[in-house]
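Student: Below are the structure tokens for one structure; questions will follow.
Every number in this text was worked out from the coordinates using simple rules, so none of it is lab data. Bear in mind the structure is a predicted one, so any value in this text is a computation, not a measurement. Note: ideal-geometry Cβ built from the backbone for every residue, glycine included; neighbour counts use all protein chains shown.
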Amino acid sequence: MGTQNQAAISQRIAKFALSSRLSEIPDAVAEYGKLLLLDTFGVAMSCQDMDHVKAIRGALAEMGSVPRCTLWGTEEKVRLADAVLYNSALIHGADYDDTHVGGIVHPSAAVVGTALTVGEQCGATGRQMLEAIVAGWEIIIRLALAAKGRFHDVGFHGTGIVAPFAAACTAARLLGDSEETLVNALGICGSQAAALQEFLRDGSWVKKIHPGWAAHSAVYALSLARNGFTGPREVFEGEFGLWKTHCGGTDGLEEVFAGADLGEVWRTTEITVKLYPVCHMTHSFIDCMLSLQREEGFTAEEIDSAECRIESRCYPIVCTPREAKIRPNTDYIMRFSLPYVVAMAAKKGRVSPWEIDLSYARDPGIQSLMDRIQCVDDDSKRNPGYFPGFLTVTLKDGRRFVRDQRYEMGTPQNPLDPAAVRRKFMDNLAPLYSAGQIQHLAELIGRFETLSGAGELTAALRR
């Protein structure tokens, strides 16, 4: 694909990342971006007492670190690369952060974690950080779209693969790096883009750090490049570049990065906020169960059986191995178990952070209900670019109900009420912060572009 007459994909990405300005971004995009920031910080700070967060802090303390950048929620400071790892892992720790469904990617975890942390080190203003964030979102979305889901098909977590590149762009923008430095850094990131999905089998924690490790890698890639280390320009489209090695071919790249699309078409508003802290592939099934119960008035105890028909790409992620999915033994198996989340929706009438609890997974009644929920690999239920749900519920009295939801919540066809995002923000923070602190944090995020620096926000994140 790359020729002497055509700029490499990395060069096009670098040029956009370093040149876009907030004045060029449509107001609707910037405003929607601040709604995403509200959600992102609410999700991040709700995770600060989780065990995986304590483990990361323990590792950072063990290694020792120069105090430069804040670990959100604390007064502790560590070196930049360690702080972006920690802060981005906060955002993704509960799998409750935003998603670009078409690209199957979590945009904000690495991008926002990098922007505020780097912004603190270099003294960036809110306006500068917001410019860098939107640029990072636009790049991570396009890289994910160009992959067409093929990272997931062969066992990679797409976010962990493409996030290093977006984080490098976000950081380079704030650090004032040259286009040449960023191009080399993107080339280096190609050798650091890694994220296996084996956690789907045993529920281990690694996915929680994929965006954080991506941001950590990006900071090192930029430092290496800044000091003269080189990386391949055709890291994406080259003969041994990321697309041919991981996706089997370069189709999708030119389609997504051709012409003047970058900076002309804004995809940030396609990012959707998650209303359930579980894999986005299960959300429409939760909606189907909740809506059927509202309309038909049945309870979990009346259900004889339920059948979830799900497309082939998603089936192995949230349905297999069945033994693990119907007897989840970690929080991540629960979040990636279609039988568990559908059972909890039926039993509790919601799927909130409080339903991700092993006491429920061990409850004989919930286990019996999970046993009666069947998952069927059915690619005829695909809706490309979306995560649909097709649910059939049969009651013990013989009644049978079917619900087919083609579009998940947050799409133009099934829009999300911004008030629901604000409620999620408040619900996430209420156990940890006072009402006054939550209101102050919301006010700061609402005028993010006017902040004099990251310090105002990091101070407000402390309990």
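Student: Fewest first, what order do Glu408, Glu255, Glu311 take by the number of other Cβ atoms within 10 Å? Walk me through the numbers before you get to the answer.
Tutor: On the way: Glu408 27, Glu255 13, Glu311 19.
If I rank by nearby Cβ atoms, fewest first, I get Glu255, Glu311, Glu408.
Student: Taking a label point 7 Å from the Cα of Leu22 along the Cα→Cβ vector, which residues of region 419-463 have an amide N closer than 13 Å to it?
Tutor: Correct set: 445-454.
Student: First select every other residue whose beta carbon is under 10 angstrom from the beta carbon of Ile333; then total the charges, Lys and Arg +1, Asp and Glu -1. Intermediate values should be presented prior to the final figure.
Tutor: Values: positive: Arg201, Lys325, Arg327, Arg335; negative: Asp202, Asp331.
My count for the surroundings of Ile333 gives +2.
Student: Let me ask another. Taking a ≥ b ≥ c as the square roots of the eigenvalues of the Cα gyration tensor of region 128-203, is the shape rounded (a/c under 1.5), prolate (a/b larger than b/c) or oblate?
Tutor: Details: a/c = 2.31, a/b = 1.98, b/c = 1.17.
Verdict is prolate for region 128-203.
Student: Another one. Would you mind counting up the charge near Gly93? Only other residues with Cβ under 15 Å from its Cβ, with Lys and Arg at +1 and Asp and Glu at -1.
Tutor: Working: positive: Lys54, Arg57, Lys207, Lys208, Lys274, Arg335; negative: Asp39, Asp49, Asp51, Asp95, Asp97, Asp98, Asp331.
Spelling it out: positives minus negatives among the neighbours equals -1.
Student: Could you work out the relative contact order of the chain, using alpha carbon pairs under 8 angstrom and six or more residues apart, expressed as a whole percent?
Tutor: On the way: 884 pairs, mean separation 95.1, N = 463.
Across the chain, relative contact order equals 21 percent.
Student: Then there's this: Specify the inter-centroid distance of region 148-167 and region 365-386, based on alpha-carbon positions, in whole Å.
Tutor: Comparing the Cα centres of region 148-167 and region 365-386, I get a distance of 24 Å.
Student: If you don't mind, another one. Classify region 172-262: rounded, prolate or oblate, from the alpha-carbon gyration tensor (a ≥ b ≥ c, eigenvalue square roots; a/c under 1.5 rounded; otherwise prolate if a/b is larger than b/c)? Walk me through the intermediate numbers first.
Tutor: Values: a/c = 1.93, a/b = 1.20, b/c = 1.60.
Taking the square roots of the gyration eigenvalues as a ≥ b ≥ c, region 172-262 is oblate.
Student: Filter the chain for me: DSSP H helices, axial length by Cα at least 30 angstrom, mean Kyte-Doolittle hydropathy not below 0.0. List them by residue number.
Tutor: Working: long enough: 126-147 (32 Å, 1.06).
Correct list, ordered by number: 126-147.
Student: Oh, and also: By count of other Cβ within 10 Å, fewest leading, how are Ile326, Ile161 ordered? Could you put the intermediate results ahead of the total?
Tutor: Values: Ile326 22, Ile161 25.
So the residues, fewest neighbours to most, are Ile326, Ile161.
Student: Here is a follow-up. In deg cm²/dmol, rounded to 500, what helix-only [θ] at 222 nm does the chain give when every DSSP H run of at least 4 residues adds -39500 (n - 2.57) and the total is split over its residues?
Tutor: Numbers: 23 runs with 239 residues, N = 463.
For the chain, the value works out to -15500 deg cm²/dmol.
Student: What does the charge count around Phe151 come to, taking other residues whose C-beta lies under 15 Å from its C-beta (Lys +1, Arg +1, Asp -1, Glu -1)? It would help to have the intermediate numbers written out before the result.
Tutor: Numbers: positive: Arg142, Lys148, Arg150, Lys207, Lys244, Arg313; negative: Asp153, Glu198, Asp251.
Once positives and negatives cancel, what remains is +3.
Student: Using the charge dipole of region 9-270 (Lys, Arg: +1 at Cβ; Asp, Glu: -1 at Cβ; taken about the Cα centre), state which of Ser20, Leu200, Asn87 has its Cα farthest towards the positive end.
Tutor: Most positive-ward Cα: Asn87.
Student: While we're looking at this one, here's another question. Please order Leu60, Leu222 by the number of other Cβ within 10 Å, starting at the fewest.
Tutor: Sorted ascending by nearby Cβ count, the order is Leu60, Leu222.
Student: Give the distance, in whole Å, between the Cα centre of region 390-454 and the Cα centre of region 1-79.
Tutor: Taking the Cα centre of each part, region 390-454 and region 1-79 sit 21 Å apart.
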